[in-house]
1. Just to verify a number: what accessible area does GLU81 come out at with the full protein assembly present, 1.4 Å probe, Å² rounded to tens?
2. In whole percent, and with a 1.4 Å probe on the protein chains, what portion of the accessible area of region 22-83 is carbon and sulfur?
3. For region 39-56, just list the computed ³J(HN,Hα) in residue order, Karplus coefficients 6.51, -1.76 and 1.60, θ = phi - 60°, integers in Hz, with x standing in for Gly and Pro.
Amino acid sequence: MNGIRAILTIGGVALLLGCQVTRYEPDAKFVDLYADLKLVSTALPHDLAKAGEMRRVVLARHGMTPAEFHEHFMRLAGHPEAWRPFQERVIARMDAIQEQQKDAQNGR
């Protein structure tokens with residue numbers, strides 16, 4: 001019985017090692033869109049109507065409907081291990097956008 005268990009264990013480990021683990025990672029376009037939406041939310045925290053209007057404008061500019069955004073978001077939500085790297089990419093993108101805005105204001 002121990003021999004069979006050992007064979008099954010080794011076979012299971014070999015199977016696991018042979019399988020490639022694919023990690024979900026949202027594409028750069030979704031990261032850009034999400035960063036733009038977060039910037040709208042932070043810029044208009046007290047004007048919900050204006051923020052909603054601006055979010056619709058951002059979605060349209062990125063060529064995405066609210067339903068498509070929801071689909072992408074739910075795909076991300078189905079991969080909790082991807083959330084932190086995604087948020088780090090969003091924050092980096094938000095920082096880059098804000099830096100570009102500062103440079104434009106300073107005439108660079």
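1. Rounded to the nearest 10, that gives 100 Å².
2. Values: 2440 of 4080 Å².
Ligands and nucleic acids excluded, carbon and sulfur give 60 percent.
3. Computed from phi, the couplings for region 39-56 are 5, 4, 4, 6, 6, 10, x, 10, 10, 4, 5, 5, 4, x, 4, 5, 5, 5 Hz.
The values are calculated or read from the model by the stated rules, or taken from the named source; none is laboratory data. This is a predicted model, so every value here is computed, not measured. Side chains included, ligands, DNA and RNA excluded: accessible areas come from the protein's heavy atoms. Shrake-Rupley method; radii C 1.70, N 1.55, O 1.52, S 1.80 Å.
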